[in-house]
1. Please turn the phi angles of the stretch 279-290 into ³J(HN,Hα) values with the Karplus equation 6.51 cos²θ - 1.76 cosθ + 1.60 (θ = phi - 60°), one per residue in order, whole Hz, x for glycine and proline.
2. Determine, for 47, 205, 74, the number of other Cβ atoms within 10 Å of each Cβ, and report the residues in order from fewest to most.
3. Loop only by DSSP, 12 or fewer other Cβ within 10 Å of the Cβ. Give me the GluC sites (Glu not before Pro) in the stretch 197-298 that pass, ordered by residue number.
4. Go through 181/335; 134/335; 130/275 and tell me which ones have a Cα-Cα distance over 25 Å in this structure.
5. Could you give the length gained on full extension between residue 72 and residue 109, defined as 0.36 nm per residue of separation minus the Cα-Cα distance, in nm?
6. What's the local net charge at residue 244, with K and R +1, D and E -1, over the other residues with C-beta under 11 Å away?
7. Can you list residues whose amide H is under 5 Å from residue 52's amide H, if they're 5+ apart or on another chain and H is modeled 1.01 Å from N?
8. By what distance, in whole Å, do the Cα atoms of the chain stretch along each of the three principal axes, largest value first?
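Readers should treat all values here as calculations from the given coordinates under stated rules, not as data from a laboratory. Bear in mind the structure is a predicted one, so any value in this text is a computation, not a measurement. Note that each Cβ is placed from the backbone with ideal geometry, even for glycine, and that neighbours are counted across all protein chains shown.
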Amino acid sequence: MSEKQTQFLPGSRFPEGEKVPQWQDVLDALSMYGIRDVHQIKLIDSTHDVSDIRLNYIIDKKWVLRFCGAGAMTEARLGDFHRLIDRYNALGILCPQFLKNGEGRFLHSWNKLQCYLSEYLDYSIAWDEKIADKDRLICEVQASLARFAQAYRNVDLSDTMGMYSLFELAPYDIPNGIDEKEDNFNQLIALLRSINEDALADALTARHLDVRARLKAIYKGLPRCVFQGDENFSNVLIDEEQHFVGLIDFNLAGTEVIVNQMANVAGFDYNEERKDPVGAQNRLNFALNYFQSHIRKMLGIYRASDEEIVALRLYAWIVMVAQWPTSCFFRDALKGELKGEILELLSMLAALPEDSILPTD
């Protein structure tokens, strides 16, 4: 069977009964962008469910033609991406640019889907490789974020909020009515109450309300930046020496308070690979050392104001208790042999002085 006769088959998450663009459909779409000489097409289906269809056709390792669920992308949203990617590229952070068709538009429709085209960057994705020095690569990604924030603070902000946003909801938060961190925290509190840990739940809730109230009073005046927004290894491009070169996947891009983005990207690790008891204080020290080692390097690049440092401590406390990976670790551990250790750790977090969260040097 020749390559042009190959049928494009979607993955297991693609909704049954929906049409899948085939070779001629892809060629017809590409012709709208002035591309007619095509030799190789490869389909990568990253569909999540019926409401989030994502079909990615790799064209001769030069372009990516994407078909997504109607409404997921708009002309204005892709225009935001286009300008944002120009900023990343100008700073030497490689990102595939979105391309306009012959009518000067990014989008056109196919069946029930929206179709758009971007460049293809022929680099490895970190997630697909065995990374020899993960911490080095993480630090390179974080340094690029800090450089980007320093260069483009308050520049061309988007109306769409980033996925870490508190108070002002990101697109995926809107159906739930609260930001993801608040949802994660509420789930943790509900679990504590279900195991009769009401006093601890009350202490954490009181601290959480206090931190949020202080943030809410100042966050609107803090510097912001538009970020790619999901800088995990599945979106990180690396060169042959496994150094960071760029980013892909701008679906979650949006405006974010800079120090909130930094707190989330630095993150906290409670020595989560250790499934046996090591002591609550040891886990807390491990998490603080991890965060401080990463945030220190970013603050050496991004020149935060005194007000931003105050806010960073508050945002970091929210991340400590309610970031998604951390929230999952707490909830799982509370159901097993680490229950006592995690209860003690959560008590420490409820009383943790904010001045101890950031590095002192």
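1. For the stretch 279-290, the Karplus curve yields x, 4, 5, 4, 5, 5, 4, 4, 5, 5, 5, 4 Hz.
2. On the way: 47 21, 205 16, 74 12.
The most exposed by this proxy come first: 74, 205, 47.
3. Details: sites: 197, 231, 240, 241, 256, 272, 273; in loops: 197, 231, 240, 241, 272, 273.
Here the GluC sites (Glu not before Pro) that fit, given the DSSP loop and packing criteria, are 240, 241, 273.
4. Numbers: 181/335 21 Å; 134/335 30 Å; 130/275 23 Å.
In this structure, 134/335 lie more than 25 Å apart at Cα.
5. Working: separation 37, 0.36 × 37 = 13.32 nm, distance 1.21 nm.
Taking 0.36 nm per residue and subtracting the Cα distance, the gain is 12.1 nm.
6. On the way: positive: 136; negative: 140, 231, 239, 241.
Around residue 244, the charge tally is -3.
7. none
8. 65, 43, 40
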